[in-house]
Amino acid sequence: MQKPFDFVIFGGAGDLALRKLIPAWYRAYREGQMPKGSRIFGTSRKQEQVDGYRDMVREAAFSFLRADEIDNETWEEFEQCVFGVYINITENDEHWSNLAKTLDEGNEERIFYMATPPAVFSACCKNINDSGMISENARVVVEKPLGYDAKSAEAINSEIAQYFDENAIFRIDHYLGKETVQNLMALRFTNCMFEHLWDSKSIDHVEISISETVGLEGRASFYDDAGALRDMVQNHLMQLLCLVAMEPPSKLNADSIRAEKLKVLDALRPIVGDDVAINTVRGQYAAGVSGGKEVAGYLEELGKDSNTETFVAIRAHIDNWRWSNVPFYLRTGKRLKQRCAEIIVQYKTPTHHIYPDSAGKMIPNRLVIQLQPDERVQMIVTSNNLEKHETELVPSVLNLNLTDHYEKFYSDAYKRLMLDAAANNPALFIHRNEVDAAWKWIDPIIEAWQRPENKPHPYPSGSWGPQASEDLLKEGGCSWFNVG
Ligand code: BG6
């Protein structure tokens with residue numbers, strides 16, 4: 001049985017707390033997953049937000065929750081566990097000791113959630129420490145972006161490590177909390193038919209794609225400093241790549257899973273210098289039609305000139321026995337044609353052809369694992385076109401739509417991860433070594449992109465990105481498989 005906890009959100013009035021964290025705790029409460037006696041504290045340095053904290057979070061949560069989740073009576077019970085607290089993160093004053101006193105009178109399990117910019121992580125951890133709040137059962141959750149490059153990530157990790165042990169540091173990547181991403185491991189490691197055909201002997205290439213239809217969403221200043229490579233590839237896409245490519249862990253625990261993921265990151269072939277232009281594409285959205293309406297281009301939305309990429313495509317290789325010569329194509333972008341996250345495993349075609357005229361025209365088998373908007377697993381197989389008398393080979397789809405199958409299926413990644421942090425289960429959180437290895441692979445790409453000739457390719461909003469991204473796959477004799 002999970003123990004009650006105290007959960008302190010630094011940045012309790014910020015977008016992440018209001019949009020994701022508090023609604024996730026409400027869901028957990030409503031579903032009976034939040035242990036009785038648990039408390040949630042949201043900090044702010046504006047007294048009016050502290051005074052009106054419950055009203056503020058209620059209004060925000062009701063605008064983000066689905067209509068069928070909102071139940072006033074349950075919310076009123078839930079909000080009795082929610083408290084606004086005045087804290088100025090960088091100022092060590094009596095408010096910190098007041099919070100420490102409140103926690104001392106509460107639950108043993110303590111979780112501190114850094115929903116703040118990384119620039120204040122260090123000051124915040126120091127004040128948590130100096131006010132005596134780091135008890136034996138205290139943990140800290142840190143949000144991405146963890147750094148800007150390997151060096152800055154190392155500095156942040158070292159600062160946090162002054163106060164918390166590595167096993168008490170929970171680095172969050174919300175993609176790992178998606179039930180559909182969890183299911184990827186179940187699919188791979190419980191179904192022999194996939195695992196036995198999961199290597200360079202059978203697989204031609206793998207595509208991992210996260211496409212979004214949204215633009216800047218009011219995050220212009222953060223996004224323009226980061227860009228798609230740092231915002232999406234260094235974390236979400238590389239984590240998905242690890243789950244697809246890793247060896248089966250010997251156990252389903254944090255140490256085994258993290259060790260296998262790290263081996264994948266360490267085996268990634270570096271893309272450096274002139275190879276960057278050959279193996280990567282960066283794009284930036286221009287005006288176009290997205291979601292049925294006309295939308296402005298990135299620069300117009302930003303209001304200034306910028307070379308920041310809103311689209312990335314990369315051809316990666318994992319230099320190990322299993323994946324030798326199998327390209328992994330990674331792609332992500334904003335203002336693309338559809339919102340979708342999917343993994344396509346494309347198999348090799350038969351080498352001997354018994355059907356007339358089929359040479360060079362064989363349809364490859366594809367395993368399609370769609371993570372969002374629907375969770376689906378599809379296997380594309382070749383069959384005869386039954387409507388014709390003559391033999392005509394056509395692709396047919398074996399389709400498992402898990403969203404339809406589980407009517408009540410609704411995944412809230414933050415809920416899953418916060419419950420895990422509260423239960424002290426780090427399996428779905430990222431180890432410092434993984435962050436480090438991912439940045440080491442990303443840094444040379446960023447460096448090469450800074451050359452003046454490396455400007456992002458413009459692409460119209462509502463498209464699948466720049467032509468150069470299509471060309472990247474054409475060179476390997478394939479094309480992006482957009483299930484949509
Ligand atoms: C976040 C990025 O980590 O993930 C956002 O900062 C992005 O830019 C978001 O929109 C995508 O997450 P999801 O769960 O909506 O696919």
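Observations, loosely collected:
- As a summary of the residue check, residue 67 satisfies the conditions (1) under 26 Å from the mean Cα position of the chain (by Cα); (2) farther than 30 Å from residue 93 by Cβ; (3) crowded, with 18+ Cβ neighbours inside 10 Å except for the one numbered (3).
- Complete set of residues in the range 172-207 that are hydrophobic (A, V, I, L, M, F, W, C), open to solvent by 50 Å² or more (accessible area, probe 1.4 Å) and touching a helix residue (DSSP H, G or I) at 6+ places or on another chain (Cβ under 9 Å): 189
- Checking each residue in the range 445-484 for being in contact with a helix residue (DSSP H, G or I) (Cβ under 9 Å, 6 or more places away or on another chain), part of a helix (DSSP H, G or I) and surrounded by 14 or more Cβ atoms within 10 Å (Cβ to Cβ) picks out 445, 446, 448, 449, 472.
- The range 87-112, residues that are under 34 Å from the mean Cα position of the chain (by Cα) and open to solvent by 60 Å² or more (accessible area, probe 1.4 Å): 90, 91, 92, 108
- Residue 371 meets all of the listed conditions (1) closer than 30 Å to residue 22 by Cα; (2) modelled with pLDDT of 95 or more but one, namely (2).
- Each residue in the range 1-35 was checked for being of a type in the set (Gly, Ala, Ser) and in contact with a Gly (Cβ under 7 Å, 6 or more places away or on another chain), and 3 of them qualify.
- Cβ-Cβ under 7 Å pairs, at least 6 apart or on other chains, the range 416-432 side farther than 13 Å from residue 25 by Cβ, far side of a type in the set (Gly, Ala, Ser): 426/254; 427/254; 428/177
- Within the range 297-334, tally of residues that are hydroxyl-bearing (Ser, Thr, Tyr) and open to solvent by 30 Å² or more (accessible area, probe 1.4 Å): 1
- Answer residue from the range 172-194, given it is out of contact with any His (no Cβ under 6 Å at 6 or more places or on another chain), assigned to a helix (DSSP H, G or I) and not hydrophobic (A, V, I, L, M, F, W, C) and is farthest from the ligand (Cβ to nearest atom) among those: 190
- Qualifying residue in the range 403-413 (condition: modelled with pLDDT of 95 or more and closer than 24 Å to residue 238 by Cβ): no
- Out of 216, 197, one residue alone is within 16 Å of the ligand (Cβ to nearest atom), at negative phi and either part of a helix (DSSP H, G or I) or of a type outside the set (Gly, Ala, Ser) (or both). It is 216.
- Test result for residue 128, buried (at least 21 other Cβ atoms within 10 Å of the Cβ) and either within 16 Å of the ligand (Cβ to nearest atom) or touching a residue at least 40 places away in the same chain (Cβ under 8 Å) (or both): no
- Among the residues of the range 126-140, those identified as within 28 Å of the chain's Cα centre (by Cα) and closer than 13 Å to residue 107 by Cβ are 137, 138, 139.
- Single residue of 273, 288, 283 found to be outside any helix (DSSP H, G or I) and within 16 Å of the ligand (Cβ to nearest atom): 283
- Selection from the range 257-280 of residues that are open to solvent by less than 20 Å² (accessible area, probe 1.4 Å) and over 22 Å from residue 447 (Cα atoms): 257, 261, 264
- The residues on offer are 169, 160, 210, 156, and the sole one that is crowded, with 19+ Cβ neighbours inside 10 Å and within 12 Å of the ligand (Cβ to nearest atom) is 210.
- Which listed residue is more than 30 Å from residue 292 (Cβ to Cβ), surrounded by 12 or more Cβ atoms within 10 Å (Cβ to Cβ) and among the β-branched types (Val, Ile, Thr), from 377, 368, 345: 345
- Residues that are more than 16 Å from the ligand (Cβ to nearest atom), part of a helix (DSSP H, G or I) and among the acidic types (Asp, Glu), drawn from the range 226-249: none
Residues are listed down the side, and each one gets a yes or a no for (1) charged (D, E, K, R); (2) surrounded by fewer than 17 Cβ atoms within 10 Å (Cβ to Cβ):
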residue	(1), (2)
3	yes, yes
32	no, yes
37	no, yes
57	no, no
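- Residue 387 vs. criteria of a type in the set (Asp, Glu) and surrounded by fewer than 18 Cβ atoms within 10 Å (Cβ to Cβ): yes
The values are calculated or read from the model by the stated rules, or taken from the named source; none is laboratory data. Bear in mind the structure is a predicted one, so any value in this text is a computation, not a measurement. Methodologically, a virtual Cβ is constructed for each residue, glycine included, from the backbone with ideal geometry; neighbour enumeration extends over all protein chains shown. Heavy atoms of the whole protein, side chains included, go into the accessibility calculation; ligands, DNA and RNA do not. Shrake-Rupley method; radii C 1.70, N 1.55, O 1.52, S 1.80 Å.
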